[in-house]
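Single-structure report; data block below.
The values are calculated or read from the model by the stated rules, or taken from the named source; none is laboratory data. What you see is a predicted model, and the numbers here were worked out from it, not measured in a lab. Positions of Cβ are generated from backbone atoms using ideal geometry, with glycine treated the same way; all protein chains shown enter the neighbour counts.
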Amino acid sequence: MLAFAIRRAFQSLIVLLVVGLVAFSMFNFVGDPIDSMLGQERTGADIERLRTQLGLDQPFPVQYYRFLESAVQGNFGISYRLGRPVSKIIAERLPATLELAMVSAVLAIVFGVALGVFTAIRRNGWAANTVMTLSLIGVSLPTFLIGILLIYLFAVELGWLPSFGRGDVVDLGWWRTGFLTQSGLKALVLPAITLGLYQMTLIMRLVRSEMLEVLRQDYIRFARARGLRDRSVYFRHALKNTLVPVITVTGMQLGSIIAFAIITETVFQWPGVGLLFINAIRFVDIPVMAAYLMLISVMFVIINFIVDMLYFAIDPRLRVDRTGSAQK
Amino acid sequence: MSQETKGQNHQPATSPGETSQAGNRLTRAWSRAAGSDFIWSFKRSPVAVVSFLVALGLVLGAVLAPLFAPHNPFDPATLNLMNGFSSPMQPNAFTGEVFWLGTDDQGRDVFSTILYGMRISLFVGFAAVAFAMVLGVTLGLIAGYVGGWIGAVIMRIADVQLTFPGILVAMLIFGIAKGFTPLEQRDEMAIWVLIIAIGLSEWVQFARVVRGATMVEKGKEYVQAARLNGRGAGGIMIRHILPNVLGPVLVIATISLALAIIAEATLSFLGVGAPPTQPSLGTLIRIGQGYLFSGEWWILLFPSVTLLALALSVNLLGDWLRDVLNPRLR
């Protein structure tokens, strides 16, 4: 277990170093920092001085090391567009994105697993078939169209929910939350559904196909022969054994929820890091882009690491296989 | 046999005098094709037939847009601002002109803008998939056949990229490429940048599948025979292995096309894709979203429905193709 964990941690580190290299290259090769910092009237001596001051005269590995050093400390320089430290801007906006992603993830998992089990058990029922057909449309429907559709239905036609923004937020010092006010909760509903729907359909389809696979196996027949109730067979015996692939895919999907939040945040003008990133791309604001890239890859790597560990803890068969292959 | 079939396609067009003979051969080829498993399962699947017809209709509409479109939305001379905000199927209050699907704020016919917008969407989609396919298949062949440290590096890059959702990769590449292009050329270059960004975000699937298939093919006798004949690695990869790994590539290409169309629409909708001077379906939806609250629903609805029909039909075709060509990919 420990050897496996160390190996995975090492791989994660390599991923981060590669992404760091990409972010670093963005700083270095897209546009000239000397150009953006010095005005029109500059002398050769000015350029030399700034070059030494910024460390641009150092060899590439040294520069990269310095970049990593300041990145680890959360220092990504100053946004070209907003003129403020990038780390501060991101820290202000991160809570909005995390709250949205969290609620969407919970919605996706709860409804995804429940509907997946339901459609697998009532395989040929009309309700299950309807859900399956709808899910096919859900997979093909781009996220932003779902958002627009929901806005049209619930904000424009019915007027029940707000169509943009985060509502009133409560400042907890370092975290501004929308969970504590009524308008904040109301504003959360449509974006969370928009963001979670795609993931929900994916989880649902996966749970369904895994359940169907498992329900065919002998031990389920034995469990039935023993006279166990349906409920026990489905949930204690079958669902438990579908969990390994479900957890893997769900874990990966959690990562992409944060990325897909970019789209949802733009549709609903949700003041999170995704909206920040899109505006950074539009105005070629390199420091913000690089910082967002690093932030999101750290999140992805952590999520993947946890998923791998869970995977290992849940399925004893894998443990035997992995250690076996490691010893070879 | 393949030469014969090729000849038949050209015959009727080039020599009209021999129509009966050529027609004969054509019918024979047709009956042979119609008897194949492929066509048989196509005809058996109503979903595949309907999606094929929908996709074909949309592609034809886009390609032949200059013929079908009642107006050219990019020719300012044909526009009349008085026609702005006409409702669908109703005569305009000022000019009395009727537009099937209404007009937008500048009096552009929505039906025509959709046809022209679809051209951009489909062009970007096809070009991006072609780019991703060439890149992915090449790298996959090399990684599978040559292997060694080159293969390891290629697959490592693929793994790292796969950690991130494609749309994010595409956005990032778009942003970086935008930084490289000079300010005055950004709008012109946007389409090409978009193709490269989406293409680079989708090559991994091709590379992984081709690598796996290549490693299987590599051990077979015909490859050993070719090697003993003294063929070089490049020749073996292209002439011998490539034709045998094309089945799954075709499936992935179809599914990637749907993904690329949606990715393009998403990027353009977010304002980091096709410029307003060359609006794709995504750009049209973005423009339409601005009129959601003021009641001009047609500017938003029709482009959205078109995009949905396009994505759904290509997706369903891809699903069907996967089931027919390679049941293992399920």
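Couple of notes before you dig in:
- Check on residue A:235, in a helix (DSSP H, G or I) and either touching a Gly at 6+ places or on another chain (Cβ under 9 Å) or within 30 Å of residue A:68 (Cβ to Cβ) (or both): no
- For the stretch A:163-190, filtered to residues that are within 14 Å of another protein chain (Cβ to nearest Cβ) and either crowded, with 17+ Cβ neighbours inside 10 Å or in contact with a strand residue (DSSP E or B) (Cβ under 6 Å, 6 or more places away or on another chain) (or both), the residue that is modelled with the lowest pLDDT is A:163.
- Any chance residue B:211 is among the basic types (Lys, Arg) and either touching a strand residue (DSSP E or B) at 6+ places or on another chain (Cβ under 6 Å) or crowded, with 23+ Cβ neighbours inside 10 Å (or both): yes
- Matching residues, the stretch B:126-180, being out of contact with any Gly (no Cβ under 7 Å at 6 or more places or on another chain), closer than 28 Å to residue B:59 by Cα and aromatic (Phe, Trp, Tyr): B:126, B:174
- Check on residue B:98, surrounded by fewer than 16 Cβ atoms within 10 Å (Cβ to Cβ), in contact with a strand residue (DSSP E or B) (Cβ under 8 Å, 6 or more places away or on another chain) and either closer than 24 Å to residue B:315 by Cβ or at pLDDT below 70 (or both): yes
- Test for residue B:174: is it within 9 Å of another protein chain (Cβ to nearest Cβ), surrounded by 16 or more Cβ atoms within 10 Å (Cβ to Cβ) and not in a helix (DSSP H, G or I): no
- The stretch A:248-264: number of residues that are more than 10 Å from every other protein chain (Cβ to nearest Cβ) and free of Cβ contacts under 8 Å to residues at least 24 places away in the same chain: 0
- Single condition residue A:267 does not satisfy, out of (1) part of a helix (DSSP H, G or I); (2) more than 10 Å from chain B (Cβ to nearest Cβ); (3) in contact with a helix residue (DSSP H, G or I) (Cβ under 6 Å, 6 or more places away or on another chain): (2)
- Residue within the stretch A:207-215 that is under 30 Å from residue A:274 (Cα atoms) and part of a helix (DSSP H, G or I) present: yes
- Count of the stretch B:270-292 residues which are in a loop (DSSP other than H, G, I, E, B), more than 7 Å from chain A (Cβ to nearest Cβ) and among the small types (Gly, Ala, Ser): 4
- Only one of the listed residues (B:248, B:182) is surrounded by fewer than 23 Cβ atoms within 10 Å (Cβ to Cβ) and either free of Cβ contacts under 8 Å to residues at least 60 places away in the same chain or more than 28 Å from residue B:122 (Cα to Cα) (or both). That residue is B:182.
- Residue that is nearest to the other protein chains (Cβ to nearest Cβ), among those in the stretch A:129-162 that are surrounded by 14 or more Cβ atoms within 10 Å (Cβ to Cβ) and farther than 26 Å from residue B:309 by Cβ: A:162
- Breaking point among (1) assigned to a helix (DSSP H, G or I); (2) within 14 Å of another protein chain (Cβ to nearest Cβ); (3) surrounded by 15 or more Cβ atoms within 10 Å (Cβ to Cβ), for residue B:305: (3)
- Whether a residue is surrounded by 13 or more Cβ atoms within 10 Å (Cβ to Cβ), touching a strand residue (DSSP E or B) at 6+ places or on another chain (Cβ under 7 Å) and at pLDDT 65 or above was assessed, and residue B:91 does not pass this test.
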